[in-house]
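Structure record follows, encoded as structure tokens.
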Amino acid sequence: MPVTHEYPRYTADSRFGLTASPRCNILAVSDPVTRHRPLVLAGAAEDAIAWNPVTGQAARKFREEDDDDFADEEAARPRLRAGAVVARLAWHAGASALAVGYSDGWIRLYNLWTGELLVKFCGHKNAVSSMAFNADGSLLAAGGMDSDVTVLRIEGESGFRLQGHSNAVTKVEFLEQWSNCLLSASKDGLMKFWNLDIRVCFKTLTGHPGEIWDFALIGDARDLLVTGSCDNQLRLWRLSVQDDRAPEAKRAQTDAAKEAEQLALLQPADLEDALAAEFLGSVAKATKGRTHSLAATADGRLLCVASGTRGLEWFACPSSAEQRTRLKQRQRKAARKAGADRPSRLAAEDLLKPAGMLTGFPAKLRWPALGPVRLAEQPASGASDEASVDAAQGSNRQVEALRFECFVSLANNSILSYRLSYSDGAVTVDSLGSKISHGHEGPVRWATVSSDGLAVMTLSAGQLKLWRFSSLACLLTIDCPSSSGGEDQSGSGSGQMTRCVFLPGDRYAAVGTADGRLLLCDLSDGRVAEQLQAHSGPVTCLRQLSDSSGLISGSSGERQAMQWRYEISRAAAQGGLSSRLGLLLARSIALDDCLASVCSTPDARLLCCGLLDNSIRVLFTDSVRQFLHLHGHSQPASALAASSDSSLLASGSGDRTIRLWGLQFGDCQKILRGHDLAIADLAFVPMPEGFEGADSSSSSRLLVSCGADKCLRLWDAGKFRRVAALHGHQSAVACVAVAPTGDYFASVDQDGSVRTWQRTEEPLVLEEQRELEKDAQFEEEMAEQQAEATDSAASGLVSRLSLQSVRGAEALLAALERWETDTDRETKPSSAGVSGGSNKPLESLGSWLGRQPLHELEQAISALPAVHAKRLLAALDSLAAGGLQPERVCRCACLLLSFHFPCLAVSAGDTAAKFQSRLTACGNGLTDLLGFNLAALRILQSMAAEQQPDAPAAEAADGSGVGRAKSKRQKKRQKQIFDLRTV
């Protein structure tokens, strides 16, 4: 029996401290219970969070689940990599569907109010950059960083791909006023119009100087297209359908539905001329730089422009009635002037007028989101706000004032809300709403765990936060005071925190600042109790001595380290004397160079100092005499840690290596390589007994390290062995803090998120971990090969080869193998000479196909080897002959022919011919069933209409005529029901 090596397994447990990712948009959706106060949807790392702006708390979290749809074929395997982050959000009010696009190309649809996962797709090779629903919520269009546009059918769990852009797609939008039209923008500077019936691009708009970052459809008819590019100009187009027929025929089709029908009946060659996009001009923004994002109100009257600065611009668009009035006024004015040309359209400046600017944000803007629009005067009871706005516009009456709410995602990890109003052509701020902020307002620099493991303390440039580990609730926040007292408002960096550590008893914390001060913070009341000017430069090292007798601090600008001891002072207070912990300078330790890192051995005998001259000095703690001088790193040792038995020292450096030193003779025992970038921090993890690396003397040799490569790695420092890699951070990891018991450790990164990694009961088997790493490497190579492959087709199926699709193909082959084996066993003559003839194997195969999601079957068939395509075709032929799973058989047949048609055309000619007739019969049966259901629904609709009471006045005017018409309808309905029963 092979020998296995077991270690404690650490998995991602929780993540907190992130309100809104700067690379993901935010949405404002109306709560069906309290419609006047919308929820704010934001992406935060792997989670999509619905924030309640009233309470500032998370109402619901949507998390990616590790659901293997082919889990019935093999045991669930542990995940090697953490889930991808949320890249884009889209929502449909009628279907209550929330679409979440991830950075790995997956799209998941949730029910917003229940949190139920509805369906998931995988249609892009990398991050999803834009998503949009159509009017009825049946289609979802998604653009990706891979320059493709995918259109997904929600109910059928299928879709197709549109290819034509040469760079990342930045925005997609359905043109609802024209049938089956999709508009997409890209970083290649082109806007494309797609016809979804024939899946071709029939029109392309040019004229932008560079990338198109966003666009919006404004106006009450949604016929004005506004685009934002890399300059400070907003470009405006008017979209319309051209009709060259006679005036009598034109008057017969005036509404948008008839125009959509007209456009759908045109041939592909005529589509470009049918849909006209007239360029009206450009409007300059008040802010400089590219346009970051655009957002329009629900009525299309106002446009919000964010340019990545600290200001938000507003533009107003007149209604269709106001546009006609202004155009007539211009025409009459031109007619009164001799020789003046009569204008045929309004200019861009008349259609897009500046309406104000919202400034004073504490950080740069990222994404705006607009809430529902309502009238300034509350509507009558029983009428909704949106209906009142529509009624006011339909009566050609100018709306005096509109009120709405604006949510803004900022670069400082917060969301602000403003209550705004629009009147007299200007947007004004009525009041400042709530602020949603559940973390640090900048990169997290340091973290430490309390001595009992119940609290985690994190540190950013201007704030210190204390979190309860069990509930992840923020217990207190302490702002860093400036050197002159009060909070630092100058932005000079004098009030920036750099390091923190818990003091004995966990009631106080010591904090180092960028101007060399040591702050003594009282965690019981959240105040700074004492300030000491310890160094002339920034405090880069702050560690507690292992015997809890004091602190060691150091600065990158001084060639010395300061040793501090604790003292307890008593002062008069209400009710008697109060004691307070203080710091007293014990001595100054001279060094050969500036200090980069420091640690104390657990037995408090040695003090290890990493210097900027790339060396490590080991000193005796009591006499401060040098014991060892260690050389080997090519860059300064940025992190030091000693094992629990004080016999081993681990040092991490910017040269991407970890060196293990023996503290008895100072020999370098091993060099560990695995990080791709500089190592920021490392620590030894206490281990329970029974694992490798933990012996009877309770010495821990399990080491965890982190660095700028966004990864944490576990090492066996005793056997010099790489154990596992922990993925999940999306930016450089700055620090890792281990709980005293080793049950968990926390890590922080530059994005402001804090993650905890919990030790599970299931051990980590090293051999299984290596298999997982091979699978991950195989999937990465497969993705690279698929990215290098070129596809000249303009459209195609939505699929992507991955390790999951390969496993799905294996499960499909296993199901085919079971069906063939059971069929041979059933058809084989028994000992009595009677053959089986049972249909159970075929029913079992049909049941297995019916249980698998369609998108997983699509991926499995795409990864199916071509030599087994004929076996699947034979199985589908048997299912069609038996009338089992006709819908799934038709779908699988289409997928099989799409992926493996050349192989089947050569090797399965006879089987394909028989299968064609049976598949046609299945399709006809499904068509008949659908027609029967539609006819029944029409009868039910007519019966429901007849049950509604007629108007009393109409009954009194012509009772006999109404009675005869009702009798005719009843006879007609009875005949329809008789025909349906006959069928």
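Stretch Asp824-Thr359 to full length: gain in nm at 0.36 nm per residue minus the Cα-Cα span? Don't skip to the answer; put the middle values down first.
On the way: separation 465, 0.36 × 465 = 167.40 nm, distance 7.66 nm.
Residue separation times 0.36 nm, minus the Cα-Cα distance, leaves 159.7 nm.
Near the amide H of Ala639, within less than 5 Å, lie the amide hydrogens of Gly652, all on another chain or at least 5 residues away, with H placed in the peptide plane. Under 5 Å from the amide H of Arg656 lie the amide H atoms of Ile679, each residue being 5 or more positions distant or on a separate chain, with H modelled from the backbone and absent for Pro and chain starts.
Taken along the Cα-to-beta-carbon direction at a fixed 7 Å, the label points for Glu176 and Arg527 span 5.7 nm.
If R0 is 45 Å, the Cβ-Cβ spacing of Ala93 and Thr4 corresponds to a FRET efficiency of close to 0.25. Note on Glu781 and Ser536: with the Förster distance fixed at 45 Å, the Cβ-Cβ geometry gives a FRET efficiency of about 0.30. If you model region 545-673 as an ellipsoid using its alpha carbon gyration tensor, with each semi-axis the square root of five times an eigenvalue, the axes come out at 33, 15, 13 Å, biggest first. Taking amide hydrogens as placed 1.01 Å from N in the peptide plane, the amide H of Leu764 sits under 5 Å from those of Tyr7, Arg9, each at least 5 positions away in sequence or on another chain. Taking 7 Å steps out from each Cα toward its Cβ at Asp603 and Asp506 produces label points 2.9 nm apart.
Please compute the length gained on full extension between Gln916 and Asp613, using 0.36 nm multiplied by the number of residues separating them and subtracting their Cα-Cα distance. Could the numbers behind the result be given before it?
On the way: separation 303, 0.36 × 303 = 109.08 nm, distance 7.77 nm.
Gain on extension, Gln916 to Asp613, equals 101.3 nm.
Accessible area of Lys285 (1.4 Å probe, protein heavy atoms only, ligands and nucleic acids ignored): about 10 Å². Applying 1/(1 + (r/R0)^6) with R0 = 35 Å to the Cβ-Cβ distance of Asn924 and Ser240, what FRET efficiency is obtained, to the nearest 0.05? E(calc), rounded to 0.05, equals 0.25.
Computed from backbone phi with θ = phi - 60° and the Karplus coefficients 6.51, -1.76 and 1.60, the 3J(HN,Hα) list for region 292-300 is 8, 7, 10, 8, 10, 5, 5, 8, x Hz; x is used for glycine and proline. Rolling a 1.4 Å probe over the heavy atoms of the protein chains gives region 592-777 an accessible area of 37 Å² per residue.
Shown in residue order for region 132-143 are the 3J(HN,Hα) couplings computed by the Karplus curve 6.51 cos²θ - 1.76 cosθ + 1.60 at θ = phi - 60°: 7, 8, 7, 5, 8, x, 7, 10, 10, 9, 9, x Hz (x for Gly and Pro). In units of the rule-of-thumb radius 2.2 N^0.38 Å, region 410-534 shows an alpha carbon radius of gyration of 1.28. So what is the diffusion coefficient of region 592-777 in µm² per second by Stokes-Einstein at 4 °C and 1.567 mPa s, using a Kirkwood Rh over Cα pairs? The calculation lands on 77 µm²/s. In the structure shown, the pairs Lys61/Lys364; Lys171/Lys285; Lys125/Lys710; Lys285/Lys337; Lys870/Lys914 are assessed against 23 Å; a Cα-Cα span above that value is assigned to Lys61/Lys364; Lys285/Lys337. Using C-alpha pairs below 8 Å separated by at least 6 residues, the relative contact order for region 592-777 is 11 percent. Normalised by 2.2 N^0.38 Å, where N is the number of residues, the alpha-carbon radius of gyration of region 92-201 equals 1.00. Listed values for region 276-286 are Karplus-derived 3J(HN,Hα) couplings in whole Hz (6.51 cos²θ - 1.76 cosθ + 1.60, θ = phi - 60°), namely 9, 10, 8, 6, 9, x, 10, 10, 7, 7, 6, and x replaces Gly and Pro. The distance between label points at Asp136 and Leu584 comes to 8.2 nm (points 7 Å beyond Cα on the Cα→Cβ vector).
The values are calculated or read from the model by the stated rules, or taken from the named source; none is laboratory data. In this text the structure is predicted, and so the values were computed from the model without any measurement. We place every Cβ from the backbone using ideal geometry, glycine too, and count neighbours over all the protein chains shown. These accessible areas exclude ligands, DNA and RNA; they are computed on the full protein's heavy atoms, side chains included. Shrake-Rupley method; radii C 1.70, N 1.55, O 1.52, S 1.80 Å.
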